[in-house]
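Accompanying notes for the structure given below.
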Amino acid sequence: VAEVDDVLATAQERGLLGPGPVDVQRRHAEALVALVEAATGRPRQVLDIGTGGGLPGLVAALAWPSAAVTLLDARRRAVDFVRVAVEALGLSSRCTVLHGRAETLAHEPGHRERYDLVLARAVGRPATAAELCAGFAAVGGHCAVSERPGGDTWDPVGCGRLGFVPRESIGDGIATVRVLDKVEATPAELPRRRGVPAKRPLF
Ligand SMILES: C[S@@+](CC[C@H](N)C(=O)[O-])C[C@H]1O[C@@H](n2cnc3c(N)ncnc32)[C@H](O)[C@@H]1O
C-alpha cells in the first residue's frame with residue numbers, strides 16, 4: 001500500500017493524477033476493482049484504457065495476482081511513468097504498458113476483442129468511454145466504467161450499437177461503477193477515428 005501511494009504521489013506531482021489525497025484515490029480504485037470482481041468474477045486478461053498515472057490498472061494488477069494486465073494511454077509521459085511504476089511494484093512479468101490511442105489500437109488484431117475485462121476510470125463521458133472500450137472487450141466479457149457520484153445515464157440503444165448491454169450502476173459509497181456486458185461483436189467500423197468518440201458521442 002505504501003509503495004502504491006508513493007507511485008501515485010509521484011504521478012500527481014507530474015500531472016498524471018487528479019487532485020486530492022492519493023490514498024483516497026487509491027481507495028476509490030480499490031473499491032472499483034472490488035465492485036467489479038463481485039459483479040463479474042476475477043478476470044484473466046485486463047485492459048485499463050486511459051490509465052494516466054496507473055489507475056485503476058495498477059491496483060487491479062495487485063488485487064488479481066493471476067491476471068495479465070495491460071495499461072494503455074495516449075500520452076507518452078504517462079506511459080513512460082507507468083512503465084517505471086510497473087517495474088517498481090514488481091509487476092513486470094504480467095503487466096504490459098502500451099502507448100497509443102484507443103481508437104487505433106482497438107482495430108489491431110492483437111487487441112481486438114481480446115480482453116475479458118476493460119476498465120476505464122475518468123476517461124470522458126459514458127458514450128466516449130464505452131466506444132473506446134468496446135473494440136477491446138471479448139464477446140462474453142465486460143467493460144467497467146467509473147461513474148460520477150450519483151451515477152450517469154447510459155442509453156441502452158447506444159450501448160447496443162457497440163455490442164454492450166448496460167447493467168444497473170453499482171456502488172459502495174466510495175466508488176460507483178457501471179458494468180457493460182459485451183454480448184455481441186462490436187461492428188468493425190467502431191470505434192470511429194481518432195477524437196470522434198469524444199467530439200460526437202454515440203449517445
Ligand atoms: C482524466 S485522465 C484519468 C487517468 C486515470 N484513469 C485516473 O483515473 O486517474 C484520462 C486519461 O485518459 C487518456 N486518454 C484519453 N483519451 C484517450 C484515448 N482515446 N486513447 C488513449 N488514452 C486516452 C489521457 O491521456 C489521460 O491520461
Report task. Select from the range 16-39 the residues that are in contact (Cβ under 8 Å) with a residue 60 or more places away in the chain and either farther than 13 Å from Ala63 by Cβ or basic (Lys, Arg) (or both) and write down the one among them that is surrounded by the fewest Cβ atoms within 10 Å (Cβ to Cβ). Result -> Gly18
Requested in this report: Just give me the residues in the range 46-71 being within 12 Å of the ligand (Cβ to nearest atom), in contact with a helix residue (DSSP H, G or I) (Cβ under 7 Å, 6 or more places away or on another chain) and of a type in the set (A, V, I, L, M, F, W, C), in sequence order.
Outcome: Ile49, Leu55, Leu58, Val59, Ala60, Leu71
Query raised in the report: Which residue out of Pro197, Pro201, Pro187 is assigned to a loop (DSSP other than H, G, I, E, B), under 19 Å from the mean Cα position of the chain (by Cα) and under 24 Å from His107 (Cβ atoms)?
Result: Pro201
Report task. Hey, can you tell me all the residues within the range 40-69 that are surrounded by fewer than 19 Cβ atoms within 10 Å (Cβ to Cβ), in contact (Cβ under 8 Å) with a residue 60 or more places away in the chain and either among the acidic types (Asp, Glu) or in a strand (DSSP E or B) (or both)? Result -> Gln45
Query raised in the report: Which of the residues that make up the range 111-152 are farther than 21 Å from Val59 by Cβ and either part of a strand (DSSP E or B) or in contact with a Cys (Cβ under 8 Å, 6 or more places away or on another chain) (or both)?
Result: Ala130, Ala134, Ala138, Val139, Gly140
Query - Pick from the range 72-105, criterion in a loop (DSSP other than H, G, I, E, B), more than 9 Å from the ligand (Cβ to nearest atom) and in contact (Cβ under 8 Å) with a residue 24 or more places away in the chain, ranking: surrounded by the fewest Cβ atoms within 10 Å (Cβ to Cβ) - result: Arg94
Query - So Gly135, is it loosely packed, with under 14 Cβ neighbours inside 10 Å and in contact (Cβ under 8 Å) with a residue 40 or more places away in the chain - result: no
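FYI, it's all coordinate maths here, none of it is from the lab. Here the structure is a predicted model, which is why all the values come from computation and not from measurement. All Cβ positions, even for glycine, are placed from backbone atoms using ideal geometry, and neighbour counts span all protein chains on display.
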